[in-house]
Amino acid sequence: MTVVNFPKAKKTTRRPAILDVTKRALRSDTAETVRYRVFPWLGRALVNTVMFAWSAVRTLMLMVLMFLRPLVFFVITPLTTALMIAFAVCLFTHPADTRLTWGFGLLTLGAFFTMFMYDWLIYKLGGMVVEVTHHRRY
């Protein structure tokens with residue numbers, strides 16, 4: 001024969017009666033609490049709006065830079081080549097005139113730096129195009 005013991009019932013306690021005035025006071029307190037909860041929502045909305053604006057500007061800048069890249073490199077690549085040749089010629093033919101050598105050397109370096117910075121800016125604005133993840137298989 002199986003005996004099942006049921007738990008003892010809890011004693012109910014009497015709660016004090018809530019007056020109508022107390023209910024009205026609680027409702028107004030609740031409204032105040034809800035009003036103050038709006039501020040974190042507005043803060044998140046502002047941050048999301050700023051992030052969207054930054055993303056839109058970044059996309060437009062990236063699009064313009066990618067569109068102009070062939071033109072910029074079409075101009076800078078022959079210029080860099082000519083400046084390197086002029087630097088080598090001045091280095092060996094005019095060793096006494098250092099202004100020419102330094103001038104062509106710095107212009108060559110500036111052209112290389114311009115090409116590097118243009119591609120670096122495109123890389124930074126583009127972000128991660130392909131995200132590579134490594135999955136472990138067990």
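Looking across 100, 91, 125, 71, one residue alone is assigned to a helix (DSSP H, G or I) and at pLDDT 90 or above. It is 71.
If a residue must be surrounded by 11 or more Cβ atoms within 10 Å (Cβ to Cβ) and out of contact with any Ser or Thr (no Cβ under 9 Å at 6 or more places or on another chain), how many such residues does region 65-74 contain? Quick ask: steps written out before the conclusion?
In the first step, residues of region 65-74 are kept if they are surrounded by 11 or more Cβ atoms within 10 Å (Cβ to Cβ); the result is 65-66, 68-69, 72-73.
Narrowing the set further to residues that are out of contact with any Ser or Thr (no Cβ under 9 Å at 6 or more places or on another chain) leaves 65-66, 68-69, 73.
Summing the residues that are surrounded by 11 or more Cβ atoms within 10 Å (Cβ to Cβ) and out of contact with any Ser or Thr (no Cβ under 9 Å at 6 or more places or on another chain) in region 65-74 gives 5.
Among the residues of region 52-69, those that are touching a Leu at 6+ places or on another chain (Cβ under 7 Å) and of a type in the set (A, V, I, L, M, F, W, C) comprise 61, 62, 65. State which residue pairs qualify: first residue surrounded by 15 or more Cβ atoms within 10 Å (Cβ to Cβ) and inside region 110-121, second residue modelled with pLDDT of 95 or more in any location, beta carbons under 6 Å apart, and separation of 6 or more residues or different chains. No pair meets every condition. What number of residues in region 80-126 are closer than 30 Å to residue 57 by Cβ and not hydroxyl-bearing (Ser, Thr, Tyr)? Adding up the residues that qualify gives 14. Given the conditions (1) under 30 Å from residue 119 (Cα atoms); (2) at pLDDT 90 or above; (3) not basic (Lys, Arg), and given that residue 46 satisfies all but one, which numbered condition is not satisfied? Exception for residue 46: condition (1). The numbered conditions (1) at pLDDT 90 or above; (2) over 18 Å from residue 110 (Cα atoms) are all true for residue 78 except (2). Can you confirm whether region 29-37 contains a residue that is at pLDDT 65 or above, surrounded by fewer than 10 Cβ atoms within 10 Å (Cβ to Cβ) and out of contact with any Gly (no Cβ under 8 Å at 6 or more places or on another chain)? Yes, because at least one residue in region 29-37 is at pLDDT 65 or above, surrounded by fewer than 10 Cβ atoms within 10 Å (Cβ to Cβ) and out of contact with any Gly (no Cβ under 8 Å at 6 or more places or on another chain).
The values are calculated or read from the model by the stated rules, or taken from the named source; none is laboratory data. Note that the structure is predicted; figures quoted are calculated from it, not measured. A quick note on method: Cβ atoms are made from the backbone with ideal geometry, for glycine too, and the neighbour counts reach across all protein chains shown.
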